[in-house]
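The values are calculated or read from the model by the stated rules, or taken from the named source; none is laboratory data. Nothing here was measured: the structure is a model prediction, and the numbers come from that model. FYI the Cβ positions are ideal-geometry reconstructions off the backbone, even for glycines, and counts take in every protein chain you see. To get the accessible areas, we keep the full protein, side chains included, count just its heavy atoms, and leave off ligands, DNA and RNA. Shrake-Rupley method; radii C 1.70, N 1.55, O 1.52, S 1.80 Å.
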Amino acid sequence: MDCFSESGDHVRLSEERKPSGKIRLISSFGPVDHALQCIASDVIRATQVLRKDQYLLAGGVPAALRAVEAAHRDGYTHGRIVDAVNFYPSIQCDGLIELLKPLPRSTVQNVIGTKVSNLHPTKAGFTHSVVDCGRPPLRGQSIISQGSASSPIVGEIVMKRLLEVLPAKARSTAYADDAFIHGKTEEEVATNFELLQYAAARHPAGPLRLRSTATFKLTQPFEFLGHDGYAHDSGSICWSPSCKNLDHYMSVIENGNASVAELFDTLSKVSLRRRSYYNRANGKEWENHTNAQLWAKYAYRTNDRISLSVAVSRILDCWRLDEVCVAFEDYLPEPNGDREWDRRQKLLDCLANKSINR
C-alpha cells in the first residue's frame, strides 16, 4: 500500500441526522483508504502527545464528565461550553502539514485529506454542504472527512493547538471539538473564552469559528456531551441523559415514514448511546425497551422471518424482565397503514404462541 499517493477510490457520502435535528455528512471509505488512514493515525498517536484534558481518546464521555465534577470540587464554580462550527470541513490540510510532522506532506494531503473530486453522494442534492464552511474549496483541494479513520486523532491535534493558548493555571475539559471552559469567576471564564476566540481565528489549520453558551454557574442547569447536569452545594453534579437525545430515538420509533435504513442505523447506535450515559441506573432497561420497539418497527417494514424472530426475542426479553405485568401490545409501536397493521398482528400471534413462564 502506498501511504504517499492518492488511492483514487471513490468515497461515498451519506446523511446522518443528529439528535439536535441537524444533518451531518459521513464519508464511507473503501478498505484500502481505511487501512492507509489507520496506519497514518497510528503514526500520529506515536509521535504526538495530547493534553491531559482531552478525553475523546482517553476515557470518552464518562471521563470528561468526571473531569467536570473534579473541577467543580476544586472550586471552579463557573463555566462556558464552546464548540467549533463545521469543525472538520473547516480544517485546512495545508495548515495541518506543520502540525502533523513528521508525517510527510504527501501523506497529509492524500491519506489524511480527501480530494473533493473523489466525493460521491449516495443521493443528489447535498454535495455543496460537504464543504459548507464559507469558502468552497477547489476540486483538487483536500478536506478532512468525518468518517475517516484518521479524523478523530487529527481533530484532537487541531484542538490541542487551540487549547494551548490558555494559561497554565486555566482549567478546561475537551471532548472532540466541544470544550468546557472552567473558572472560579465569570471574569476568568470570559477572559479564557476571548483567548480561544483569538486563537481560533488565527489557527494554522483554520481559521475556526467558535460558538458558545453564556457563562453560567454550575448550580444552574446546563447541557454537556448529551447530558443535562447541575451541581449540588455539596460539590457533586447530578447527570442525566438530555431529553433531546432520548427524544431522537422515540421520534424514529414514532415516525411512520422512517426508512428501513434509518431504523437499522438507529438500532446500531442504541447500545453505544446507553454506554455513553453516565451513572444511569435504568440504562439497561431503556436499552431493552428501545431495542424491542425498533425491532418491532423493523419487522413491520421488512416482513422477513429473521427480523420477525429477532423482534419476538427482544420483546420477550423485556416482558420477562419487567417487574410490572405488561401486555405485549404495550411494547409495539403504532403501525403505518393496513399492511403494517397486519404485520403487527402477525408479530402478536408469534408472541402469543410462545410458551413462557414469567
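A few remarks follow.
- Highest-MSF residue in the chain out of A200, A258, A296 [GNM, Cα springs under 10 Å]: A258
- Phi-derived couplings, Karplus 6.51 cos²θ - 1.76 cosθ + 1.60 at θ = phi - 60°, listed residue by residue for the stretch 208-222: 10, 10, 9, 10, 8, 6, 6, 5, 9, 8, 6, 6, 8, x, 8 Hz, with x used for Gly and Pro.
- Most mobile of T290, T107, T191 in a GNM of the chain (Cα contacts under 10 Å): T191
- Computed from the C-beta positions of A327 and E223, the FRET efficiency with R₀ = 35 Å rounds to 0.45.
- Under 5 Å, built H, 5+ apart or other chain: amide partners of H227: S242
- Of the accessible area of the chain, computed with a 1.4 Å probe over protein heavy atoms only, carbon and sulfur atoms account for 49 percent.
- Loop-resident sites, the stretch 21-59, for trypsin sites (Lys or Arg not before Pro), counting at most 10 other Cβ within 10 Å (DSSP): K22, K52
- Here's how it looks for S148: its modeled amide H is under 5 Å from those of S27, which are all 5 or more places away or on a different chain.
- Once the 1.4 Å probe is applied to the protein heavy atoms, the chain comes out at 50 Å² accessible per residue.
- Accessible heavy-atom area order of K269, K354, highest first, probe of 1.4 Å: K354, K269
- Listed residues F29, F222 arranged by accessible area, highest first, probe 1.4 Å: F29, F222
- With the convex hull drawn over the C-alpha atoms of the chain, the volume per residue is 163 Å³.
- Which listed pairs, of K52/K160; K184/K217; K101/K160; K115/K269; K52/K169; K160/K244, have C-alpha distances above 19 Å, in listed order: K115/K269; K160/K244
- Using θ = phi - 60° and Karplus 6.51 cos²θ - 1.76 cosθ + 1.60, couplings along the stretch 153-165 (whole Hz; Gly, Pro as x): 6, 5, x, 5, 5, 5, 5, 4, 4, 5, 6, 5, 6
- Gaussian network model of the chain, Cα within-10 Å springs - most flexible of P89, P104, P204: P104
- The accessible-area ordering, largest first, of the residues E156, E329 stands as E329, E156, per a 1.4 angstrom probe.
- Environment charge at C243 (Cβ cut-off 11 Å; Lys +1, Arg +1, Asp -1, Glu -1): -2
- C-alpha center-to-center spacing [the stretch 20-78, the stretch 330-352] in angstrom: 42
- For M159, the accessible surface of its heavy atoms amounts to roughly 0 Å² (probe 1.4 Å, protein chains only, rounded to the nearest 10).
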